[in-house]
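What follows is one structure encoded as structure tokens, with my remarks underneath.
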Amino acid sequence: MVLLEFSMSPLDKGESVSEYVSRSLKIISESGVDYRLNPMGTVLEGEWDEVMDVVKLCYEKMSSDCKRITCGIKIDYREGKSGRLESKMASVEKRLGKKLKT
């Protein structure tokens, strides 16, 4: 399973790009892939092709009316492990003995 964190935004649409980011979140939420939104990006959990397909769909939608796009991607693969969106946080919280802001 893969955890893939990415952030994609247009560079040619001014300071506020929430309209374009929201379109990506619609694609992500309708994909069926488990995800978590954070202030700096989105983390997807699934098989390689599955999460890469979601990123590709987001890119295709954004490139339909944006002439310049930036995208940062970070990937963590771990064989045989799923549910890591929750378990990684739970492990750290257990060690600290308290809930963290997520």
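Read-outs throughout are calculated quantities, based only on the coordinates presented, and are distinct from any laboratory measurement. Because the structure is predicted, anything quoted here is derived from the model rather than measured. Using ideal geometry, Cβ is built from the backbone for each residue, glycine included, and neighbour counts are taken over all protein chains shown.
Observations
- Separation in nanometres of the label points that stand 7 Å from Cα toward Cβ, at residue 19 and residue 60: 2.3
- Springs join every pair of Cα atoms under 10 Å in this Gaussian network model of the chain, and among 17, 92, 55 the largest mean-square fluctuation is at 92.
- Sparsely packed loop sites in the stretch 12-59 (the GluC sites (Glu not before Pro) outside DSSP H, G, I, E and B with at most 13 other Cβ atoms within 10 Å) comprise 15, 47.
- P(r) histogram, all alpha-carbon pairs of the stretch 42-86 included - 5 Å bins from 0, percent: 5, 16, 28, 21, 14, 9, 5, 2
- At an R0 of 25 angstrom, the distance between the Cβ atoms of residue 67 and residue 88 translates into a FRET efficiency of 0.10.
- Placing unit charges on each Cβ (+1 for Lys and Arg, -1 for Asp and Glu) gives the stretch 2-96 a dipole about its Cα centre, and among 43, 96, 31 the Cα reaching farthest toward its positive end belongs to 96.
- Note on residue 95/residue 30: beta-carbon distance plugged into 1/(1 + (r/R0)^6) with R0 of 35 Å gives a FRET efficiency of 0.50.
- For residue 74, a cut-off of 19 angstrom between C-alpha atoms picks up these aspartates and glutamates, skipping any fewer than 8 places away in its own chain: 5, 34, 45, 47, 49, 50, 53, 86.
- Expected 222 nm ellipticity per residue - DSSP helices of 4 or more, -39500 (n - 2.57), all of the chain, to 500: -13500 deg cm²/dmol
- Quarter of Cα convex hull surface for the stretch 2-96, i.e. mean projection, nm²: 6.7
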